[in-house]
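Working notes, beginning with the structure itself.
The values are calculated or read from the model by the stated rules, or taken from the named source; none is laboratory data. Every value quoted in this text rests on a predicted model; they were computed, and no experiment measured them. FYI the Cβ positions are ideal-geometry reconstructions off the backbone, even for glycines, and counts take in every protein chain you see.
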Amino acid sequence: MPWWKRAFDRPRAPKTSDAAVRQALYALLDHDLDTAQELLARAAQLDPDELDAYLMLGRLYRDRGEIGRAIRVHQNLLLRPELGQERGAEVLRELASDFRAGGFLRRAIASFEEVLSRTPKDARSLRELASLLATAQDHERAIEIERRLAKVEGRDAAPRESELHLELARSAEAEGRAGDARKALKRATKRNPKNVEAWVLLGRIETAEKRTRQALSAWRKVPEVDRCAGPRVYPELAAGYAALGKERDYEKYLALRIEGDANDSDARLALATSLSARGETDAALDEIRRVLAHDGSDLEAHAALGRTLVEAGREGEALKAYAELLAVLERPPGTPPPAGLE
């Protein structure tokens, strides 16, 4: 662009703080952060009492990764004697966000706590503080703050509390405190009985503690809560029942699940695996073929069919089964399954 065009296109330097802020907003809309920063700095110079210009400038510094400058801006604002409680809390909230963005976890927590001492129902600060406390693994306090936040927002705190109890359990498990982990998981599942991850972890901890029956009780909850999560625990259930010498009870459990939902393909394939392991190949194949009759594109079922036939020494049929699997893999999406597999 010629120099004369740049000269005529260049906006005039703003004469007032309001004008500078307006131009800065336009610059932000144009994603011209350098110009926006210059204009906000000028707005602050033109009217040192203009708080919003400083707040916008501090936030811009933070968004650009200039955390030190953002902190200085907000700390200087807090020194102003004329700040009221509401504006003071607003500045302090921005400072807390600076500390969080800079990785100063403890200082961020302390700052948000101070904000809440001034404005106890500030939802944003409650939300930020709960997250920071969870990051700091102070889960008990995080749960307390989450309850306050849920009350402010008028919602049920149980699902989020359940997740925090789960995080507490994970920390306890990592530190070798199985008893504390178990207690936290009991609270997690009580607050949210549909917390799949909590049931899975509880089963694992009970197994490590040689509490097989309790582990089975936890793992049985998983497919009840989420049918699709069944494959995560079916091997553990099989091992648990086997450890008690009750393999047939495992198959009865799977049969009851299938009775409740005939299209539960994961339960059918788990049952097929158990039957095959006991040498009941034909019964296992019947279960697998029922899955394929319902969904001829089920890759797990095709693989199970081939594997079961190989284990039974029926290589010729296995080759045909694997050929069908390859055909499914190579078939373009949306293409109907091969004849006989519908």
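Data overview
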item	result
Selection status of GLU300, acidic (Asp, Glu), surrounded by 20 or more Cβ atoms within 10 Å (Cβ to Cβ) and not assigned by TED's automatic domain parsing to the domain that holds LYS194	no
Residue within the range 224-238 that is surrounded by 13 or more Cβ atoms within 10 Å (Cβ to Cβ) and not in a helix (DSSP H, G or I) present	yes
Tally, over the range 62-83, of residues that are part of a helix (DSSP H, G or I), over 33 Å from the mean Cα position of the chain (by Cα) and surrounded by fewer than 16 Cβ atoms within 10 Å (Cβ to Cβ)	4
Search result, residues across the range 105-160 that are assigned to a loop (DSSP other than H, G, I, E, B) and under 23 Å from the mean Cα position of the chain (by Cα)	ALA136, GLN137, ASP138, GLY154, ARG155, ASP156, ALA157
Tally of residues being farther than 16 Å from ARG220 by Cβ and in a loop (DSSP other than H, G, I, E, B) across the range 244-281	6
Test set (1) in the same structural domain as THR308 (by TED's automatic domain parsing); (2) within 23 Å of ALA303 (Cβ to Cβ); (3) charged (D, E, K, R); (4) out of contact with any Cys (no Cβ under 9 Å at 6 or more places or on another chain) - ASP266 fails condition number	(4)
